[in-house]
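Trainee: Sending over a structure as structure tokens; questions will come in a sec.
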Amino acid sequence: MNWLDTLSQDTIDAAPAAVREALQEMQKAIRSLELKNEKLAYELAYLKRIRFGRTSETLNSEQRPLFEDDLDGDIHALESEQTPTERPAARRLRAGRQALPAHLERIEVRHEPDSCTCPHCKTGLTKIGEDVSEQLDVEPSRFFVIRHIRPQYACRQCETVTAAPVAPAVIDGGLATSGLLAWVAVGKYLDHLPLYRLEQIAARSGVNLSRSTMSEWVGRMGVALHPLADRLTERIRQGTVLHADETPVQQLDPGAGKTRRGYLWTYRSNDLDRGPPMVVFDYQTSRSGQHALRFLEGWTGALMVDDYGGYKALFGESVTELACLAHARRKFFDLHAQGGHPVAEEALARIAKLYAIEEAARHLDIQARGELRAQSSRPELDALQGWLIRQRLKTAQGSALAKAIDYTLKRWPALIRYAQSGNLPIDNNPVENAIRPIALGKKNWLFAGSERAAKRAAAIQSLFATAKLNGIEPAAWLKDTLEKLPIWPNSRIDELLPLRENAQAVSN
């Protein structure tokens, strides 16, 4: 409270007109400074949370200490250093450890006693059972050489020579098998390891794999896989509901001697629709909305996006806008994280009810989900809108709360559109989750070497990300695909896509 607030209205009214006018101007100036201070405090709290805090937006969740894993390791190390008599009785936290994955190869090692004769009476022992325990082991990258031996047979009468033909390959006469090519691609695009690190890994096994050689392999793989990426784009455009988002990436600009900003436009299928999940990354050199227009040219359906203006030209008769409730929620969460704002906390609680309904509808079919939304979500949305309007009337213009409410009300028709059916998504989280590995990888590879390299990376990342969404192991899929591609008919290209409908063929 400032000193002007301590003045009674009678005192102000009794003051001369010039004094009253000056007091009113001072009150306006103070209020403006208070709003400005609130805005700066909100921005500072937001930046601190993004830079130093947790990124999860869950309320009242426990934050694991940054080095808790190291502390656990220290505790167990100290216990190991103690003598058996010094160690406290260990508490058993659970009845048994988690079973090891059933799909892993089992190598049996039988441990027979030194003698099958009773040490006391010297009678022969009889087997009554077995004690079986399992341990998990790993074998680091193992390089080996495949020798292809093709015997040559001659016909003395015809004077001809016959031998088995050389199988076609993605890289004819190349040093690498499809397994090694897959290892390089997975290391570069999934594990985000620069080629010089893969070079070092191979060197530890006494294998010389130069970066220039691996770069050549990656380029040739990109060309071979490009038709699959194009077909994946065609398949994702067959859906009637899509998610879209974009993230910046750096691209080397050799002519200027520095990097420039490009954008990875991302399109994700709708998990609430029937069919396998898919994601497509489309690299472009700018954030212009023309790229989204070009990608979705002729497409009809509902598009889930954030409030970026580049998508606005898409919406009309053929494309319906869906707004992300998670983005609206984030405005209130940032305000609440600043210092426990009560109105923001109430908004979060109301939005949490909508997500609880979605969780209850997770395993329902489209019709049942639509009925549940009509019965439960729509009344909650109506109540939320009325409450937001009432709060806005009591909120000062320009405050952080006003901006959060205005953002939500401005997008209200697009925000509530999901509740009008059973197959529309509530938020844009699926596409943000698809982008997250790319964001992590950027910290390792920093930038793409060229526009062609960035487009190649986008195509391969699209196939890998789609494989993961469909529960297909990317390395196994790529190895199998690279072996089949050279002689595979284009009319059956869908069979090579990393979709769950093809997962059984890959596993076999």
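Trainee: Please give the helices (runs of 4 or more DSSP H) falling wholly within the stretch 400-478 in which 1 or more residues are over 28 Å from GLY301 (Cβ atoms) and more than 22 Å from the chain's Cα centre (by Cα).
Mentor: Those helices (runs of 4 or more DSSP H) span 400-410, 451-469.
Trainee: While we're here: Give the number of residues within the stretch 276-298 that are open to solvent by less than 50 Å² (accessible area, probe 1.4 Å) and either free of Cβ contacts under 8 Å to residues at least 12 places away in the same chain or of a type in the set (D, E, K, R) (or both).
Mentor: Selection size over the stretch 276-298: 1.
Trainee: Another one. In the stretch 152-195, how many are assigned to a loop (DSSP other than H, G, I, E, B), touching a helix residue (DSSP H, G or I) at 6+ places or on another chain (Cβ under 9 Å) and open to solvent by 50 Å² or more (accessible area, probe 1.4 Å)?
Mentor: So the answer is 6.
Trainee: Additional query: Which numbered condition trips up GLY262, out of (1) under 19 Å from the mean Cα position of the chain (by Cα); (2) part of a strand (DSSP E or B); (3) buried (at least 19 other Cβ atoms within 10 Å of the Cβ); (4) not hydroxyl-bearing (Ser, Thr, Tyr)?
Mentor: (1)
Trainee: From the list ARG378, ARG390, ARG417, which residue is in contact with a Leu (Cβ under 6 Å, 6 or more places away or on another chain) and at pLDDT 95 or above?
Mentor: ARG417
Trainee: Among the listed residues THR320, THR266, which satisfies the condition of being among the polar types (S, T, N, Q) and in contact with a Lys or Arg (Cβ under 8 Å, 6 or more places away or on another chain)?
Mentor: After applying the criteria, what remains is THR320.
Trainee: Moving to a separate point now. Any idea how many residues of the stretch 298-310 are at pLDDT below 95, of a type outside the set (Gly, Ala, Ser) and either touching a helix residue (DSSP H, G or I) at 6+ places or on another chain (Cβ under 8 Å) or more than 18 Å from VAL431 (Cα to Cα) (or both)?
Mentor: Residues that pass the stated criteria total 2.
Trainee: Could I ask something else about it? What residue, among those in the stretch 197-215 that are charged (D, E, K, R) and under 20 Å from VAL145 (Cβ atoms), is least open to solvent (accessible area, probe 1.4 Å)?
Mentor: Only one residue tops the list, namely GLU199.
Trainee: When the residues of the stretch 303-333 are filtered to those that are among the charged types (D, E, K, R), part of a loop (DSSP other than H, G, I, E, B) and touching a residue at least 12 places away in the same chain (Cβ under 8 Å), which remaining residue is most open to solvent (accessible area, probe 1.4 Å)?
Mentor: ASP307
Trainee: Among the candidates THR247, THR240, single out the residue that is in contact (Cβ under 8 Å) with a residue 60 or more places away in the chain and either farther than 21 Å from TYR263 by Cα or over 19 Å from the mean Cα position of the chain (by Cα) (or both).
Mentor: Going through THR247, THR240 in turn, the sole match is THR240.
The values are calculated or read from the model by the stated rules, or taken from the named source; none is laboratory data. As the structure is a computational prediction, the values presented were derived from the model and not from experiment. Counting neighbours? That spans all protein chains shown, and the Cβs are built from the backbone with ideal geometry, glycine included. Heavy atoms of the whole protein, side chains included, go into the accessibility calculation; ligands, DNA and RNA do not. Shrake-Rupley method; radii C 1.70, N 1.55, O 1.52, S 1.80 Å.
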